[in-house]
Amino acid sequence: ASSQELQVDSLYISNRIFQAPSAGSISVANYSGTSCLEIRQSDGGDYITRVYCYEGWIMELYSEEDYEFALGDGEQIQQAEVLEFKEEGGLLTVELKTSELQTTLYFALKGGSL
């Protein structure tokens with residue numbers, strides 16, 4: 001079940017990145033020591049989807065960009081132990097670990113930088 005869990009987690013992360021309006025709408029942030037992927041949208045206002053790992057779960061939170069959120073506010077998506085995002089020179093690296101397995105995902109972001 002663990003390799004299937006890792007595949008589902010990887011697919012979820014990949015889909016969130018590929019559904020972003022543009023590479024420029026994707027950024028990496030850190031909240032209270034937690035790595036977070038941010039995807040910005042403009043639907044008549046400034047909205048943001050944040051994806052991060054909290055208490056053993058991949059979490060997703062969609063809100064207005066200036067919303068003061070707590071890590072527990074997000075919706076539980078999939079179980080995971082570690083989810084780390086890094087961006088350097090237009091390459092987004094995602095470290096993903098479940099209870100038994102881990103993988104690294106790489107995404108080339110068009111435009112060179114987030």
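The values are calculated or read from the model by the stated rules, or taken from the named source; none is laboratory data. Since the structure is predicted, the reported quantities are computational estimates derived from the model, not experimental observations. Positions of Cβ are backbone-derived with ideal geometry, glycine not excepted, and every protein chain shown enters the neighbour counts. Accessible surface is based on the protein model in full, side chains and every heavy atom, while ligands, DNA and RNA are left aside. Shrake-Rupley method; radii C 1.70, N 1.55, O 1.52, S 1.80 Å.
Quick notes
- So residue 106, is it without any contact (Cβ under 8 Å) to a residue 40 or more places away in the chain, assigned to a strand (DSSP E or B) and open to solvent by 70 Å² or more (accessible area, probe 1.4 Å): yes
- If the condition is being within 20 Å of residue 80 (Cα to Cα) and either touching a Ser or Thr at 6+ places or on another chain (Cβ under 8 Å) or in contact (Cβ under 8 Å) with a residue 24 or more places away in the chain (or both), then region 40-57 contributes 49, 50, 51, 52, 53, 54, 56.
- Within region 1-27, being open to solvent by less than 50 Å² (accessible area, probe 1.4 Å) and not polar (S, T, N, Q) holds for 5, 6, 9, 12, 13, 16, 17, 20, 23, 26.
- Odd one out for residue 55, checked against (1) under 16 Å from residue 99 (Cα atoms); (2) over 11 Å from the mean Cα position of the chain (by Cα); (3) surrounded by 12 or more Cβ atoms within 10 Å (Cβ to Cβ): (3)
- Residues in region 74-91 that are within 15 Å of the chain's Cα centre (by Cα) and without any contact (Cβ under 8 Å) to a residue 24 or more places away in the chain were compared, and the one that is most open to solvent (accessible area, probe 1.4 Å) is 75.
- Test: residue in region 58-66 that is surrounded by fewer than 16 Cβ atoms within 10 Å (Cβ to Cβ), within 16 Å of residue 105 (Cβ to Cβ) and either free of Cβ contacts under 8 Å to residues at least 12 places away in the same chain or not aliphatic (A, V, I, L, M) (or both): no
- Residue check for residue 41: modelled with pLDDT under 95 and within 20 Å of residue 7 (Cα to Cα): no
- For residue 94, the conditions (1) among the β-branched types (Val, Ile, Thr); (2) open to solvent by 20 Å² or more (accessible area, probe 1.4 Å); (3) closer than 12 Å to residue 9 by Cβ all hold with the exception of (2).
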